[in-house]
């Protein structure tokens, strides 16, 4: 069996901060994906029935980072595999991942979800149509360039900053992230908003901080 990871733009319909729930589609039916495959509306019925308790939720398909578990999986939704994810809000990885997804979504950016599954059966007449998956996990992706927090930025001048990045980082700083994440955000914000220094009242030099935040999320 071939193992594939398939990503879609997260169609998220609801968040629950108290419980750490995120409701949205994990895969779309009858839509050609980046692999050229089309998921049949029946493709997840068997695996959800047989493997629901074995499916995990990871960050970026990293098996060492479990950020949650599926609370509900509905393979009978006509539009695609719909899922309610329960994030582990009592761990730094789970809580940070939850608020990463919420921050990205509420700022009009694309949060992505990707399933990791084996292809068990294809349509003999149309090899691109997947009739059955054996699902292992699904992941919330934080590596796309559309998310300012996930980009590896080397900022050498205030003028080089992406548009609205300070507002974005401020919103992030006001969310209940882990202490480590908040400390990183605070360091970045202080570096980006430092006032120009005056050298003995004669000249004003431009502050050019170099900031790296590749591993924020």
- Item | Members of segment 107-130 that are in contact with a helix residue (DSSP H, G or I) (Cβ under 8 Å, 6 or more places away or on another chain) and either farther than 17 Å from residue 47 by Cα or in a loop (DSSP other than H, G, I, E, B) (or both) | 107, 110, 111
- Query: Out of all the residues in segment 13-28, which are without any contact (Cβ under 8 Å) to a residue 12 or more places away in the chain and assigned to a strand (DSSP E or B)?
  - Reply: 13, 14, 16
- Item | Criterion: crowded, with 16+ Cβ neighbours inside 10 Å, at positive phi and in the same structural domain as residue 136 (by TED's automatic domain parsing) - qualifying residue of 20, 36 | 20
- Item | Which numbered condition residue 74 fails, given (1) at pLDDT 90 or above; (2) not assigned by TED's automatic domain parsing to the domain that holds residue 36 | (2)
- For residue 130: the one exception among (1) modelled with pLDDT of 75 or more; (2) exposed (fewer than 15 other Cβ atoms within 10 Å of the Cβ): (2)
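The values are calculated or read from the model by the stated rules, or taken from the named source; none is laboratory data. Bear in mind that the values here come from a model prediction, so they are computed numbers and not experimental data. As a convention, Cβ positions derive from the backbone with ideal geometry for all residues, glycine included, and neighbour counts pool all protein chains shown.
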